[in-house]
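The values are calculated or read from the model by the stated rules, or taken from the named source; none is laboratory data. Model, not experiment: these values are computed from the prediction. Glycine also receives a Cβ, built like all others from the backbone with ideal geometry; neighbour counts cover every protein chain displayed. Side chains included, ligands, DNA and RNA excluded: accessible areas come from the protein's heavy atoms. Shrake-Rupley method; radii C 1.70, N 1.55, O 1.52, S 1.80 Å.
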Amino acid sequence: MQKGLSVHNLKFFNGMENYEESNAVGIDKLYNAENTRFTNLVISSKMGWQYLGNALAGGDRIQGMYQYAYQSGATIDKRLLEFYNKIFRQFDTGTQTWTNIATVWPNVKDTFTDGVEYNNVMYFVNPLTVGNFGGIGKIANNVFSVVPDAAAPAGDGIESWVERLWVINNKTNVVVTSNVALATIPAQIEDWTGGQTILVGKQGVNKAIRVLENQMYVWKEDSIYFNTVDRIAAGDFEFQQLSRTGGAINQKSTIIVENDVWFLTPQLEVRSLGRERNMQDNPRTRRLTNIIQRTMNLLDPVQDNPVAIYNRSVYKLHLKTRGSPTNNLTLVFDYNTGGWSIDIGQAVNVTTIWQDSTVYGEDSNSGQAYIDDTGFSANGLFMIHRAHTPFMDDNRPDTWKRARYIHFRGQLSWDQDVTIRLFRDGTYKTYSDYYIPSPHAQGMTQQAPNSSGQFGAFEFGDAVFGGDDSIAPGDILMYRIEKLISVDRRSNMFAIGIEGQVNGGKIITEQLELKYMLDNENYKRADI
């Protein structure tokens, strides 16, 4: 290889990802770096939650959040409701404050309250002590009332299906239904005396209940049961066993994702119910499980209150770090690209989608509600990665102010671009930029097969030109990029660097070199 100025012939950094911490990097590899991560984890901290309304005090936690799409004629008014300190409250967008809704719910506990909308009414269920009256409450146009039926059940999860309300309790293995609503008597859905009490399996308590593609599913800790519209129409309310290979932890971690149900198992596996009922046979949920497994050293062994939310292709799972009493770690996963991050410092108890943004209830003493549409960084902004070498003063007469070229060899995720920067004249304020567009912008299709050409789909380990495949299962798909950039900038003081806006993507630099041109070399060639 010809003589030249080389910056660590193998590589000087690997796995640049959005990470808000400085890293100790050897001076022989890198002079300065910002927002650089040297492992497979992608971590970004929140920087700008927007709190909703006045801060609350008193030590109580928000125990339920709901979007109530109240319809008045042709107008749909999307209201944000919360259950706090045993009362319901509504957020006023005009005054940016919460307004109490008069709530008289006998013997109600200050604990998680699940809700579902049916026929322009919000129905709620609370896990009351067995035998107490008034398990079902409702809000209709800002007015709360208790469903006046002594048979109304207590519970942790509520759904509407086949014109009935369905309730589970995580202390029993039965499902309780209301009576069937009729077009002529819609309020009959509030009649629980005429409903059904259905045994689901012969052991284990019910943990979650969801409707998918007009079928009803019930999760236990180690099994899943289901029922169909046709069987209900025929008077058959018995649930059939679907799987004995995986259950769910609770109602809050079992959610609808892109016309599917994703659920968290007691083994901390994110699994997909699947339209074909092939649980876990989903590359996205497998990737999520692998990410969780790679962060097990951060997680508490007891995860008793996980919370999941999904909106606009972003799935978020809230868990506890080791020793924390509340959910203070959030795994953020982009359904479309596979990009992911970890946010640490949140304390989340409940979430909902309101006006197409995620809203969550803080689990600390303030009981505050926040709007959180941040994605992978603050309010959707990119994390800026920058890195550069020290200046190199050649001071050799045969290289004095000779033209150079930059050789970049590395990998980019599908939507990730990068800029190579050449600093000169002894200052980091004088430089030239060389832009390398993303594989997407260069016409590559996503999930492209590996090839021996310019692009590839796999990492090649620490060796520059080969070696063991070091990509972890579930990591972001990478595309190989190699560029030879002609540089006709005459100077004897050079430093080289790299800059990228990273938001759930990834940059890997295997080789970045600055070399001088031989007099007889055609320095116009580029993009090898």
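How far is the Cα center of region 59-89 from the Cα center of region 104-169, in Å? Taking the Cα centre of each part, region 59-89 and region 104-169 sit 14 Å apart.
Taking amide H atoms as placed 1.01 Å from N in the peptide plane, the amide H of Trp161 lies under 5 Å from those of Trp166, each 5 or more residues away in sequence or on another chain.
Classify region 60-172 as rounded, prolate or oblate from the Cα gyration tensor: take a ≥ b ≥ c as the square roots of its eigenvalues, call it rounded if a/c is under 1.5, otherwise prolate when a/b beats b/c and oblate if not. In terms of gyration-tensor shape, oblate. Taking H placed 1.01 Å from N in the peptide plane, check which residues at least 5 places from Tyr479 or on another chain put their amide H under 5 Å from its amide H. Residues meeting the criterion, in which the H sits 1.01 Å from N, are Leu412, Ser413. Between Asp92 and Asp110, the modelled labels are 2.4 nm apart [label points 7 Å from Cα along Cα→Cβ].
Among the GluC sites (Glu not before Pro) found in region 225-328, those both in a DSSP coil and sparsely packed, with 14 or fewer other Cβ atoms within 10 Å of their Cβ, are Glu238, Glu258, Glu276. Each part reduced to its alpha carbon centroid, region 329-364 and region 175-238 end up 30 Å apart. Remark: the Ala151-Ile256 segment gains 34.8 nm on full extension, using 0.36 nm per residue and subtracting the alpha carbon distance. Phi-derived couplings, Karplus 6.51 cos²θ - 1.76 cosθ + 1.60 at θ = phi - 60°, listed residue by residue for region 296-308: 4, 5, 8, 8, 6, x, 9, 10, 9, 9, x, 10, 10 Hz, with x used for Gly and Pro. Kindly write out, for region 88-96 in residue order, the coupling ³J(HN,Hα) from the Karplus curve 6.51 cos²θ - 1.76 cosθ + 1.60 (θ = phi - 60°), rounded to whole Hz, with x marking Gly and Pro. Couplings: 8, 9, 10, 7, 9, 5, x, 9, 6 Hz. Which residues' amide hydrogens lie under 5 Å from the amide hydrogen of Asn327, considering only partners 5 or more residues apart or on another chain, with H built in the peptide plane? Here the answer is Val348, since their amide H atoms fall under 5 Å of that of Asn327.
Each of Trp414, Trp219 has its accessible area taken with a 1.4 Å probe; listed largest first, they run Trp414, Trp219.
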